[in-house]
Amino acid sequence: MFESTPVVAFDQHAASVTAAVLFPGSRQPALHQLAPDLPTIRRFLTKVRRQGAVRCCYEAGPCGFELQRALTADGVPCDVIAPALIPRRALGRRQQGQPEGVCQQAWQAQQRLYQRYRRLTGRGKPKQHVVTAVGRELTGFLWAALTR
C-alpha cells in the first residue's frame with residue numbers, strides 16, 4: 001500500500017510565517033502562525049517530522065531562498081514555487097484557435113504526467129528513471145492520440 005507524506009506549505013512574510021500542514025487522509029490543512037525566524041521554523045518542523053518524513057514548499061518572494069537553503073541543509077526536501085515565472089502568454093498563443101477538446105485533452109495529459117513525475121520522485125526513484133518513465137508515458141499518449 002502506498003503511504004502519503006505530510007506536506008508543509010509556508011507563506012513567508014517579513015513579519016510572520018504561516019505554515020499549512022496537510023497530513024495524509026486530511027482534506028483541510030492545519031494552519032499555524034510562526035515567528036519569521038529560522039529557529040522557530042526548525043522547531044516546528046521537528047515536531048511535524050516526529051510522525052515521519054515531510055516535504056515542504058513555499059512561494060519564492062522578496063524574502064529570498066534562505067528558508068529553502070536552511071531546510072535542505074537540515075535534510076528536509078523543500079520546493080520553491082514561483083507562479084510568476086509560468087509563461088502564460090506563450091501558452092495562450094499556442095492554444096489560440098485550437099478546439100476546446102484538444103486544449104482540455106492536453107491539460108489532462110499534462111496533469112497526469114506531472115502527477116506521475118511527483119509520485120515517482122516522492123518514492124525516491126533516481127531522476128533519470130523518472131524522466132524516462134514520464135517520457136515513455138508521453139510517447140504512449142501521443143501514439144494513442146494520433147492513431148484515433
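The values are calculated or read from the model by the stated rules, or taken from the named source; none is laboratory data. All values derive from a computational prediction rather than experimental measurement. With ideal geometry, Cβ positions are generated from the backbone for all residues, glycine too; neighbour counts draw on all protein chains shown.
Tabulated data for the structure shown
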quantity: Scope region 106-148; condition part of a helix (DSSP H, G or I), of a type in the set (D, E, K, R) and over 15 Å from the mean Cα position of the chain (by Cα); matching residues; calculated: 127, 136, 137
quantity: Region 7-21: number of residues that are surrounded by fewer than 18 Cβ atoms within 10 Å (Cβ to Cβ) and either in contact with a helix residue (DSSP H, G or I) (Cβ under 9 Å, 6 or more places away or on another chain) or among the hydroxyl-bearing types (Ser, Thr, Tyr) (or both); calculated: 2
quantity: Failed item, numbered, when residue 144 is tested on (1) surrounded by 11 or more Cβ atoms within 10 Å (Cβ to Cβ); (2) aliphatic (A, V, I, L, M); (3) free of Cβ contacts under 8 Å to residues at least 24 places away in the same chain; calculated: (1)
quantity: Verdict on residue 95 being over 22 Å from residue 22 (Cα atoms), surrounded by 13 or more Cβ atoms within 10 Å (Cβ to Cβ) and not assigned by TED's automatic domain parsing to the domain that holds residue 20; calculated: yes
quantity: Residue 8, sole failed condition from (1) farther than 19 Å from residue 76 by Cα; (2) touching a strand residue (DSSP E or B) at 6+ places or on another chain (Cβ under 6 Å); calculated: (1)
quantity: Odd one out for residue 76, checked against (1) of a type outside the set (D, E, K, R); (2) closer than 17 Å to residue 122 by Cα; (3) assigned to a strand (DSSP E or B); calculated: (3)
quantity: Complete set of residues in region 22-58 that are within 20 Å of residue 121 (Cα to Cα), within 18 Å of the chain's Cα centre (by Cα) and either β-branched (Val, Ile, Thr) or outside any strand (DSSP E or B) (or both); calculated: 23, 24, 53, 54
quantity: Any chance residue 72 is under 16 Å from the mean Cα position of the chain (by Cα), modelled with pLDDT of 85 or more and surrounded by 10 or more Cβ atoms within 10 Å (Cβ to Cβ); calculated: yes
